[in-house]
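The values are calculated or read from the model by the stated rules, or taken from the named source; none is laboratory data. Just so it is clear, the model here is predicted, and its values are computed rather than measured. Glycine also receives a Cβ, built like all others from the backbone with ideal geometry; neighbour counts cover every protein chain displayed.
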Amino acid sequence: MHVHPLITDSKTLSDLCSRLARSPFVAVDTEFMRENSYWPDLCLIQIADESEAAAIDPKAEGMDLSPLLELLVDNEDVLKVFHAGGQDIEIVHNLTGKTPHPLFDTQIAAMALGQGDQVGYSNLVDSWLGITLDKGARFTDWSRRPLDQRQIDYAIGDVTHLVKIFPRMLAKLRKTGRGDWLDQEMERIADPDNYVTIPEQAWQRIKVPSRKPEVLGRLKALAAWREREAQNKNLPRGRIAKDETLADIAAHPPRVQSDLAKVRGLSGSWAGNDIGARMIAALAAATPLPAAEMPVREDRTPGLGKDGTLVADLLKLLLKIRARESSVAPRLLARTDELEMLAAGRRDGLAILEGWRFEQFGRDALALVEGRLAFAVRGGKLMMTMADTEGTA
């Protein structure tokens with residue numbers, strides 16, 4: 001494989017992308033910083049196919065990333081391969097309003113091959129290639145210029161190894177008949193809606209004990225206000241105000257701006273400055289949270305009850321057994337909330353009752369809930385057995 005020197009000009013990048021556009025797949029990774037900003041600061045892009053690899057400097061003067069972005073989001077003939085690509089995809093979406101497509105995530109594929117829920121890249125490389133990665137440059141300052149050769153070599157390795165791993169993974173998935181399992185998952189992570197931040201929904205990430213509509217309405221208004229402030233100033237949310245501070249203000253709202261000086265977690269200057277005035281204005285405009293937006297209770301499954309909780313626990317045990325037998329990560333088969341909804345009596349709209357998940361797990365889960373499947377211990381091993389329902393009332 002030919003590894004190019006760091007690409008810092010648009011012409012070289014355009015030529016590279018023209019060649020890569022003829023490849024069946026490319027491996028992609030990014031390096032970025034976001035400790036001090038709301039938006040991730042893109043510092044480096046790495047891309048490779050089976051013939052060549054390169055790192056691209058998006059900060060280089062006059063760099064036009066258009067050919068690369070077009071390759072990622074508009075070329076449907078080239079598969080884009082990532083590892084744990086959520087944040088990389090977010091960056092592309094921020095730049096284009098689109099997501100890379102079609103795509104393949106090796107972390108999700110590893111779940112189907114029994115390598116755990118969230119296998120790290122270094123463990124993936126070790127298990128598939130027998131290579132121990134040098135992690136020395138992992139926490140480097142990628143925004144600093146010039147980048148040294150060690151940084152570039154480390155970054156390039158993220159795609160050169162991936163190019164070798166992907167075909168092997170694909171072959172094993174086909175051999176085990178699990179390739180189709182991943183189609184739905186890959187489409188899910190490629191959905192652009194996953195990467196759109198809606199300020200009016202930001203409150204849902206904040207934990208607050210109250211279920212009073214007035215409190216939650218104020219929290220919604222405050223969280224939306226903070227999200228816009230953070231976006232406009234390009235600062236992390238916590239630099240504007242921490243979650244616990246917003247929750248406290250929502251529960252105990254100040255009457256006038258001068259009262260902000262008494263709020264723990266806020267600077268005393270907020271009692272008289274512009275940002276404090278904007279917070280007070282957001283509070284004043286808040287309305288009680290509508291009933292349709294009220295969060296479900298903590299158990300997430302109304303009507304589950306004590307017996308239902310026990311059934312859900314049995315389903316979780318069944319999931320562990322089936323996942324172990326199939327050598328697949330449990331999270332790929334079913335989510336906890338789905339198990340609880342099934343235990344509570346829900347049948348419609350559950351992924352575990354559709355497609356391959358039904359064949360691998362859902363059929364038995366349904367049989368267990370309906371009393372047609374039972375646990376048994378044989379030879380010291382926990383097993384499943386069809387229940388004898390004759391004579392039961």
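Would you mind telling me which numbered condition in (1) under 14 Å from Ala109 (Cβ atoms); (2) without any contact (Cβ under 8 Å) to a residue 40 or more places away in the chain; (3) not charged (D, E, K, R) Leu173 fails?
Only one criterion is unmet by Leu173, namely (2).
Looking at Arg264, Arg239, Arg226, can you tell me which residue is in contact with a Leu (Cβ under 9 Å, 6 or more places away or on another chain) and of a type in the set (Lys, Arg)? Working first, answer last.
Details: Arg264 fails: in contact with a Leu (Cβ under 9 Å, 6 or more places away or on another chain); Arg239 fails: in contact with a Leu (Cβ under 9 Å, 6 or more places away or on another chain).
From the options Arg264, Arg239, Arg226, the qualifying one is Arg226.
List every residue pair whose Cβ atoms sit under 7 Å apart, with the two residues 6 or more apart in sequence or on different chains, where the first one lies in the stretch 189-218 and is under 20 Å from Pro102 (Cβ atoms) and the second, anywhere, is among the charged types (D, E, K, R) and in a helix (DSSP H, G or I).
As it stands, the answer is Tyr195/Glu90, since those pairs meet every condition given.
Output the residues belonging to the stretch 232-286 that are more than 20 Å from Gln204 (Cβ to Cβ) and either small (Gly, Ala, Ser) or in contact with a Cys (Cβ under 9 Å, 6 or more places away or on another chain) (or both).
Correct list: Ser258, Ala261, Gly265, Ser267, Gly268, Ser269, Ala271, Gly272, Gly276, Ala277, Ala281, Ala284.
Name the residues in the stretch 53-85 that are closer than 18 Å to Lys164 by Cβ and out of contact with any Phe, Trp or Tyr (no Cβ under 8 Å at 6 or more places or on another chain), would you? Walk me through it before giving the result.
Within the stretch 53-85, the subset closer than 18 Å to Lys164 by Cβ is 53-55, 78-85.
Listed by number, the residues that qualify are Ala53, Ala54, Ala55, Gly85.
Checking Trp39 against (1) of a type in the set (A, V, I, L, M, F, W, C); (2) surrounded by fewer than 18 Cβ atoms within 10 Å (Cβ to Cβ); (3) in contact with a Leu (Cβ under 6 Å, 6 or more places away or on another chain), which single condition isn't satisfied?
(3)
Restricting attention to the stretch 369-385, report how many residues are modelled with pLDDT under 75 and touching a helix residue (DSSP H, G or I) at 6+ places or on another chain (Cβ under 7 Å).
So the count comes out to 2.
Scan Gln184, Gln151 and give me the residue that is modelled with pLDDT under 95 and surrounded by 18 or more Cβ atoms within 10 Å (Cβ to Cβ).
Numbers: Gln184 fails: surrounded by 18 or more Cβ atoms within 10 Å (Cβ to Cβ).
It is Gln151.
Residues are listed down the side, and each one gets a yes or a no for (1) crowded, with 20+ Cβ neighbours inside 10 Å; (2) within 26 Å of the chain's Cα centre (by Cα); (3) closer than 26 Å to Glu52 by Cβ:
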| site | (1), (2), (3) |
| --- | --- |
| Ala112 | yes, yes, no |
| Gln115 | yes, yes, no |
| Leu124 | yes, yes, yes |
| Ser127 | no, yes, yes |
| Ile131 | no, no, yes |
| Pro146 | no, no, yes |
| Asp158 | yes, yes, yes |
| Val163 | yes, yes, yes |
| Pro167 | no, yes, yes |
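Report yes if Asp29 is buried (at least 17 other Cβ atoms within 10 Å of the Cβ), among the charged types (D, E, K, R) and within 19 Å of Phe104 (Cα to Cα), otherwise no. Before you say what the answer is, go through the steps one by one.
Working: buried (at least 17 other Cβ atoms within 10 Å of the Cβ): yes; among the charged types (D, E, K, R): yes; within 19 Å of Phe104 (Cα to Cα): yes.
Yes; evaluated as a whole, the condition is true for this residue.
Can we say Thr309 is under 28 Å from Thr176 (Cβ atoms) and among the hydroxyl-bearing types (Ser, Thr, Tyr)? So that I can check it myself, show each step before the final result.
Values: under 28 Å from Thr176 (Cβ atoms): no; among the hydroxyl-bearing types (Ser, Thr, Tyr): yes.
Here the answer is no, as Thr309 does not meet what is asked.
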